[in-house]
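Peer 1: Here it is: the structure, laid out below.
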Amino acid sequence: MSKLNELLERRRGKYKAVFGSIELGELASPPEIKAGYDSEHFTIHALPSKKLEGYSEKRAKIILRLKMVAKGFELLTGDISAALNLSLSDSGEGSGIKLDFPEAKLLPEWEFEPSFTGDHILVLHFSARCAAEGQLFYFSNS
């Protein structure tokens, strides 16, 4: 039975986040990642008029629920315009996956969830775009 519990715990895992060089600690719940793409439509007025679609670009919205509320507020009060690497990984050593979003920006959208009995939670929203190489994220087994 202990082997089964160990397997289930490892599979579920606990996640941690690092944004740039700032360690955001263990997350209160797994990160939410929603990917999509943007494309531009524009009209060229020549005879005959044509509608064209520009290049599409992959993007992602990432939502993190932080236990380390103070670190999150430090980020929000700093310069949020810079795109930095957002690294999400399993907090267990040598197991699980690691996702790196090299062009992630912290959005000014956030929520604070106070608690009477447990940890307070700060919810941060990030936006990620493709890096210069065209990669939205890098995946590795740690």
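Peer 1: For Ile22 and Ala70, calculate 0.36 nm times their separation in residues minus their Cα-Cα distance, and state this gained length in nm to one decimal.
Peer 2: 16.1 nm
Peer 1: How big is the accessible area of Arg65 in square angstrom, nearest 10, if you roll a 1.4 angstrom probe over the protein chains?
Peer 2: 70 Å²
Peer 1: To the nearest 0.05, what FRET efficiency results for Lys98 and His125 with a Förster distance of 30 Å applied to their C-beta separation?
Peer 2: My answer for the efficiency is 0.90.
Peer 1: Quote the FRET efficiency, to the nearest 0.05, computed for Asp79 versus Phe116 with a Förster distance R0 of 30 Å and r equal to the Cβ-Cβ distance.
Peer 2: That gives a FRET efficiency of 0.30.
Peer 1: Please list, in chain and number order, the residues 5+ apart from Arg59 or on another chain whose amide H is under 5 Å from its amide H, with Hs placed from the backbone.
Peer 2: Gly36, Tyr37, Asp38
Peer 1: Need one value: the accessible area of His120 in square angstrom, 1.4 angstrom probe, rounded to the nearest 10.
Peer 2: 80 Å²
Peer 1: What's the extension gain from Arg59 to Lys14 if we count 0.36 nm per residue and subtract their Cα-Cα distance?
Peer 2: Gain on stretching Arg59 to Lys14: 13.7 nm.
Peer 1: Still on this structure: What do you reckon, how do Thr117, Thr77 stack up by accessible area (1.4 Å probe), largest on top?
Peer 2: The ordering from most to least exposed comes out as Thr117, Thr77.
Peer 1: Quick one: grab the alpha carbon gyration tensor of the range 60-142, order the square roots of its eigenvalues as a ≥ b ≥ c, and give me rounded if a/c is under 1.5, else prolate or oblate depending on whether a/b is larger than b/c.
Peer 2: It comes out oblate by the Cα gyration axes.
Peer 1: Kindly report, to the nearest 10 Å², the accessible surface of Lys16 as traced by a 1.4 Å probe over protein heavy atoms only.
Peer 2: Roughly 60 Å² of Lys16 is accessible to a 1.4 Å probe.
The values are calculated or read from the model by the stated rules, or taken from the named source; none is laboratory data. Keep in mind that what you see is a predicted model, and the values were worked out from it rather than measured. Don't worry about glycine lacking a Cβ; one is built from the backbone with ideal geometry, like all the others, and counts go over all protein chains shown. For accessibility, only protein heavy atoms count, side chains too; no ligands or nucleic acids. Shrake-Rupley method; radii C 1.70, N 1.55, O 1.52, S 1.80 Å.
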